[in-house]
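Structure, as C-alpha cells:
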Amino acid sequence: MRPLTATIRLSHLRHNYQLLKRLHGNKMLAVVKADAYGHGAVRCARALADLADGFAVATLDEGIELREAGISAPIVMLEGVFEPAEYAAVDEYRLWPGVQNQWQLESLLAYRWREPVTVWLKMDSGMHRVGFFPQNFAPAHQALRQSSQVAHIVNMTHFARADEPEQPMTAAQLAAFETAVAGLSGVQSLANSAAIIAHPAARRDWGRAGIALYGIEPFPGACPELKPVMRLTSRIFAERTLQPGEPVGYGASFITERSTRIGIAACGYADGYPRTAQNGCPLTVNGQPSRLIGRVSMDMLAVELDHHQGVGSEVELWGDAVSVATVAQSAGTISYELLCHIKRANYVYQE
Ligand SMILES: *Cc1c(COP(=O)(O)O)cnc(C)c1O
C-alpha cells in the first residue's frame with residue numbers, strides 16, 4: 001500500500017470543539033462543509049455528536065449525508081438552496097436553510113412545510129458576497145415572521161477580515177449589523193473561528209467554528225491551545241547521494257551545493273501537497289526537522305536527508321511539527337485550501 005496517510009485525531013477535534021465553545025459561550029455549530037475541511041464529515045460529525053449543538057454544511061447533499069449517517073442535531077445549510085425544488089428535501093431531512101436573497105425567501109414561503117422551519121437569515125453587513133443589504137433586512141425578516149410556516153429566525157452575518165484582529169472592518173460590519181437588527185426578534189450568529197477567538201463582541205447565540213475546530217489557528221498566535229486534528233504523513237521510498245552541482249527534479253530548480261543525500265517521499269501535488277510550495281519548505285523526517293528540495297512532482301517529492309535515516313522513514317508533510325499554515329504560507333495559499341484538496345491518502349481515524 002502506498003504510505004500516504006491522513007491520520008485524524010478525533011480526541012483533538014473534541015478538545016478543540018470544547019475549547020472554542022467555552023470561548024464563545026452559548027451554542028456553537030461545528031462547520032463540516034467540504035467533507036469537514038478534508039477530514040471526513042461523517043466521522044467528524046459522529047465524533048462530535050454528543051458535544052455539538054449543531055453542524056453547518058454548504059450543500060444539500062452534505063446535509064443529507066450527515067442525516068443518513070445518523071446525525072440528529074440541527075444542520076444549517078449556510079448558503080441555502082440553489083433551486084426551489086431543493087426545499088422538499090430540506091424539509092424531509094429537517095435541515096435549517098440559510099436564506100440570503102429574495103428568490104430563496106419567496107420560494108421558502110411558497111413551499112408547504114410539514115413542520116414550521118427554522119431559517120438562518122443572512123445579512124450582507126459589508127463582505128458583499130451574499131445576504132440582504134442592511135436596508136432590506138427588516139422587510140425580509142418581517143415576511144418570514146408573518147408566516148406560520150417559519151418557527152424561528154436566526155439573524156446572521158459573516159465577516160470578511162476577522163482574521164486580521166487590528167483591522168477596523170470587523171467593527172464596522174458589527175455596527176452595520178446592530179443597526180439593521182435593532183428591534184428585530186430572533187437569536188444571532190456572527191462569529192466564524194477568527195471572530196470567536198479575536199472579537200468578543202461578535203460572540204452571540206450561535207458561533208460557527210470551522211478552521212479552528214480542526215486545530216488550525218486562523219491567524220498566527222491566535223490560540224496556541226488548539227490541537228491539530230490531521231497529520232499528513234508518508235514515507236521515504238527511494239534515496240540517493242548526489243555530488244555537488246547536481247540538479248534535482250523538474251526544471252532543475254534545485255542544484256546541490258555540496259555532496260547531498262536526498263530521499264523521495266510518496267506524496268505529490270496530485271495528493272494535494274501544493275506544487276507551489278517553495279524549495280526549503282519545512283517538514284520532518286522521523287520527527288527531525290528537514291526540508292523540501294526542488295519542485296514537487298505529481299506523485300512524489302524530494303526531501304533533504306543528510307544524516308537522517310533513509311528508505312522507510314516517516315515524513316510528516318504537516319501536522320504537529322509543521323503546521324499546515326506554514327506549508328500554506330510557503331505555497332502562497334491558506335490552510336483551508338490545502339486541507340480541502342487532499343486526495344489519494346489513506347485515512348486513519350484515532351479516537
Ligand atoms: C465556512 C464558514 C464558516 C466557518 O469559517 P472558519 O473561518 O473556517 O471558522 C462560518 N460561517 C460561514 C457563513 C461560512 O461559510
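The values are calculated or read from the model by the stated rules, or taken from the named source; none is laboratory data. Quantities reported herein were computed from a predicted structural model and do not represent experimental measurements. Heads up, the Cβs are rebuilt from the backbone with ideal geometry, glycines too, and the neighbour counts pull from every protein chain shown. Note: accessible area is taken over every heavy atom of the protein model, side chains too, but ligands, DNA and RNA are not part of it. Shrake-Rupley method; radii C 1.70, N 1.55, O 1.52, S 1.80 Å.
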* **strands (runs of 3 or more DSSP E) completely within region 289-351 that count 1 or more residues being open to solvent by 60 Å² or more (accessible area, probe 1.4 Å)** => 346-350
* Asked: Filter region 212-252 for residues that are under 27 Å from HIS307 (Cβ atoms) and touching a Pro at 6+ places or on another chain (Cβ under 8 Å); which is nearest to the ligand (Cβ to nearest atom)?
  -> THR233
* Asked: So which of ARG14, ARG22, ARG2 ends up being of a type in the set (Lys, Arg), open to solvent by 50 Å² or more (accessible area, probe 1.4 Å) and in a loop (DSSP other than H, G, I, E, B)?
  -> ARG2
* Within region 230-251, which residues are free of Cβ contacts under 8 Å to residues at least 24 places away in the same chain and not in a strand (DSSP E or B)? -> GLN243, PRO244, GLY245, GLU246
* Residue within region 201-209 that is among the small types (Gly, Ala, Ser), in a helix (DSSP H, G or I), within 16 Å of the ligand (Cβ to nearest atom) and open to solvent by less than 10 Å² (accessible area, probe 1.4 Å) present -> yes
* With respect to ALA73, determine if the residue is more than 16 Å from the ligand (Cβ to nearest atom), in a helix (DSSP H, G or I) and surrounded by fewer than 19 Cβ atoms within 10 Å (Cβ to Cβ). => no
* In region 81-126, which residues are touching a residue at least 40 places away in the same chain (Cβ under 8 Å) and in a loop (DSSP other than H, G, I, E, B)? -> SER125, GLY126
* Among the residues of region 98-107, is any of a type in the set (Gly, Ala, Ser), surrounded by fewer than 15 Cβ atoms within 10 Å (Cβ to Cβ) and more than 24 Å from GLY183 (Cα to Cα)? -> no
* Examine region 124-133 for a residue that is of a type in the set (Ser, Thr, Tyr), within 16 Å of the ligand (Cβ to nearest atom) and under 25 Å from LYS27 (Cβ atoms), and state whether such a residue exists. => yes
* Does ASP163 satisfy the criteria of being open to solvent by 20 Å² or more (accessible area, probe 1.4 Å), in contact with a Pro (Cβ under 9 Å, 6 or more places away or on another chain) and at pLDDT 95 or above? -> yes
* For region 166-191, how many residues are touching a residue at least 60 places away in the same chain (Cβ under 8 Å) and either on the phi > 0 side of the Ramachandran plot or not small (Gly, Ala, Ser) (or both)? -> 1
* Asked: So how many residues does region 169-199 have that are away from the ligand (no atom under 16 Å from the Cβ) and open to solvent by 40 Å² or more (accessible area, probe 1.4 Å)?
  -> 10
* Asked: Does at least one position in region 263-282 carry a residue that is charged (D, E, K, R), open to solvent by 10 Å² or more (accessible area, probe 1.4 Å) and out of contact with any helix residue (DSSP H, G or I) (no Cβ under 7 Å at 6 or more places or on another chain)?
  -> no
* Structure fact -> The correct count of residues that are in contact with an Asp or Glu (Cβ under 8 Å, 6 or more places away or on another chain) and either of a type in the set (A, V, I, L, M) or assigned to a helix (DSSP H, G or I) (or both) in region 127-142 is 2
* If the Cβ limit is 9 Å and pairs must be 6+ apart or interchain, which residue in region 31-45 that is within 13 Å of the ligand (Cβ to nearest atom) pairs with which residue that is open to solvent by 20 Å² or more (accessible area, probe 1.4 Å) and of a type in the set (S, T, N, Q)? -> VAL31/ASN192; LYS33/THR59
* Could you list, in sequence order, the residues of region 143-165 that are touching a residue at least 24 places away in the same chain (Cβ under 8 Å) and assigned to a loop (DSSP other than H, G, I, E, B)? -> SER147, SER148, GLN149, HIS158, PHE159, ALA160, ALA162, ASP163, GLU164, PRO165
